[in-house]
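Everything below concerns the one structure shown next.
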Amino acid sequence: MSDILTSTTKRPPEVISKVISRHLMPLLIGAYVLAFIDRSNIGMAKDRMEIDLGISATAYGIGAGLFFLTYACSEIPSNLIMHKVGARFWITRIMVTWGLLSAAMALVQGEWSFYILRMLLGIAEAGLFPGVMYFLTQWFVVKDRAKAIGVFLLGVVIANVIGAPLGGLLLTLDGLGGLHGWQWMFILEGLPACLLAIVVWKKLPNKPTQATFLTREEAEDLEARIAAEEQAGADAAGNSRLRDIIKDRQILLVVAIYFTHQVAVYSLSFFLPSIIGTYGTLTSIQIGLLTAVPWIFCGIGALTVPKLATTGSRSHKIATCTMVGIAAGFTLGAVGGPILGLIGFCLAAFNFFALQPILFTYPATRLSGKALAAGLAFVNTIGLTGGFVGPYVMGFVEEATGSKLNGLWFVAGMCTVGALLTLGLKMGTQDPGKAAVAAH
């Protein structure tokens, strides 16, 4: 039996896009749900580990951020390997190693073992996000890409909506089998990644011409259209080599904006549970449920806003408005108290993934082939160091001032800078697909 459908009826591109989404996105989203839970669940464990192991707020912030340093250093090599060996094998490898290391967080004995395991987890998971970003460029044309990335980023939303309450529930296992609740949380949230890796290995095709849910004609036509788009964009920007990436001022601007964005995302991810803990006498389950609320709004933003970015001018306007919204949300969180503060965090979260898909569609309009794989990893590598800076500063300010809220001013300031930087983006006004169609 052939691996490719033999139907002679060629379906419209919009139908093919929906078919691809239906077959690929649940698996990719599932992987990212587990990845984000496993990288951010230390937020729920923060206060308990401080009590049980004596890990200070500053040390916690350092450990939370060290993940991103080793992650960032490993991303470009990881994406280049995936470009060579294929997404199926490489994503499977990533999932198995990060699942085992995440479960091994239960073995933490103090600050140094905490640091080491967080660094190893960063190396293990490196390449998943930029790898999926590159993978999606091989399956969706430019005009459909922001929507596809927005759907993929729902994994973060789902992870935070279910992860915080689940973490709070698992913390109640404290004492079972002689283990702390946070140890059970790391074990039971880490191992599922290894199980899902088996499904990825069996079900994920590397490219359209290997998919059983497309006809050969549909797959070949899709690959040809995507290749034409990439080549047209790379030719227009003059970027066809790896070294062209760091010379492209627009890509460097995207990196800088993404850096400020990641400062905000991971400051909220790692410190929101402890901030909500200051709102009153709450149980770990109640803190987990309240922590999930902003991420519900994050999901609404991811589903509604990126699909509006169908032209360069719209993308530019959305990028500016969303960065302003993030800055405003953190400012309100810093001054608003329990009710207005939570509203502010909801506002910031709503804009998180309204912006991120737009930023990651931009390199694909200026790079192609191996340079595109490296370029996407480069954007994520440098930008993601904001995931180290944000938690580190939040932890340092908390320990220095005794307030869990004062670090939010730093985040609001960084996002204000990010909003100003978006004004320099030149996204163009033409529908990104038209030039490629003409070139094809």
Might you report the magnitude of the Cβ-based charge dipole of region 22-171 about its Cα centre, with Lys and Arg at +1 and Asp and Glu at -1, to the nearest 20 debye?
640
Report the residue, chosen from Leu66, Leu195, Leu204, that carries the largest GNM mean-square fluctuation when the chain is represented by alpha-carbon nodes joined by springs under 10 Å.
Leu195
What shape does region 118-179 take by its C-alpha gyration tensor, where a ≥ b ≥ c are the square roots of the eigenvalues and a/c under 1.5 counts as rounded, a/b above b/c as prolate, and the rest as oblate?
oblate
Which of Leu100, Leu128, Leu154 ends up with the largest GNM mean-square fluctuation for the chain, with Cα atoms connected below 10 Å?
Leu100
How much length is gained if the chain between Tyr279 and Ser313 is pulled fully straight, taking 0.36 nm per residue apart and subtracting their Cα-Cα distance, in nm to one decimal?
8.1 nm
Distance cut-off 32 Å, Cα to Cα: go down the list Lys10/Lys84; Lys10/Lys317; Lys147/Lys404; Lys18/Lys317 and report the pairs above it.
Lys10/Lys317; Lys147/Lys404
Cut-off under 14 Å on the C-alpha distance; same-chain residues fewer than 8 positions from Lys426 excluded. Which aspartates and glutamates are left, in chain and number order?
Asp248
May I ask you to list, by number, the DSSP H helices of the chain whose Cα span along the axis is at least 20 Å and whose average Kyte-Doolittle hydropathy reaches 1.6 or more?
154-171, 337-361, 407-422
At a threshold of 8 angstrom on Cα-Cα distance, excluding pairs fewer than six apart, so keeping six or more, what relative contact order does the chain reach in percent?
27
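Give me the number: length gained by fully extending Asp174 to Val199, i.e. 0.36 nm times residue separation minus the C-alpha to C-alpha distance, one decimal in nm.
Fully extending the segment from Asp174 to Val199 adds 5.8 nm.
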Could you compute the net charge surrounding Leu120? Neighbours are other residues with a C-beta less than 14 Å from the C-beta of Leu120; K and R count +1, D and E count -1.
0
Using a/c under 1.5 as the rounded threshold, could you call region 321-409 rounded, prolate or oblate? The axes a ≥ b ≥ c are square roots of the C-alpha gyration tensor eigenvalues, and prolate needs a/b larger than b/c, oblate otherwise.
oblate
Taking the Cα centre of the chain as the origin, how large is its charge dipole in debye, to the nearest 20, when only Lys and Arg (+1) and Asp and Glu (-1) carry charge on their Cβ atoms?
1020
With the crude spin-label approximation of a point 7 Å out along Cα→Cβ, what separation in nm comes out for Ile296 versus Ser56?
3.9
Could you check which residue among Ile116, Ile37, Ile149 shows the biggest mean-square fluctuation in a GNM of the chain with a 10 Å Cα cutoff?
Ile116
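Please give the net charge around Leu308, taking every other residue with its beta carbon less than 11 angstrom from that of Leu308, where Lys and Arg add +1 and Asp and Glu add -1.
Numbers: positive: Lys147, Lys307, Arg314, Lys317; negative: none.
Here the charged neighbours net out to +4.
By how many nm would the segment from Ser113 to Arg216 grow when fully extended, if each residue of separation counts as 0.36 nm and the alpha-carbon distance is taken off?
Numbers: separation 103, 0.36 × 103 = 37.08 nm, distance 5.12 nm.
Stretched fully, the Ser113-Arg216 segment lengthens by 32.0 nm.
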Here are some values of Cα Rg over 2.2 N^0.38 Å: (i) 1.03; (ii) 0.96; (iii) 1.11. Which one was computed from this structure?
(ii)
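Grab the DSSP H runs of the chain that are 4 residues or longer, score each as -39,500 (n - 2.57), total them, divide by all residues and round the 222 nm result to the nearest 500 deg cm²/dmol.
Working: 19 runs with 338 residues, N = 440.
Rounded to the nearest 500, the figure is -26000 deg cm²/dmol.
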When the charge dipole of the chain is computed with +1 on Lys and Arg Cβ and -1 on Asp and Glu Cβ about the Cα centre, the Cα farthest towards its positive end, among Ile116, Ser102, Leu425, belongs to Leu425
Once both label points are put 7 Å beyond Cα along the C-beta direction, the Asn406-Leu252 separation in nm becomes 3.5
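Quick note: the coordinates plus some simple rules give every number you see, no bench work behind them. Everything numeric in this text was worked out from a predicted model, so none of it was measured. Because the Cβ atoms are built from the backbone with ideal geometry, glycine has one as well, and the counts that use them run over all protein chains shown.
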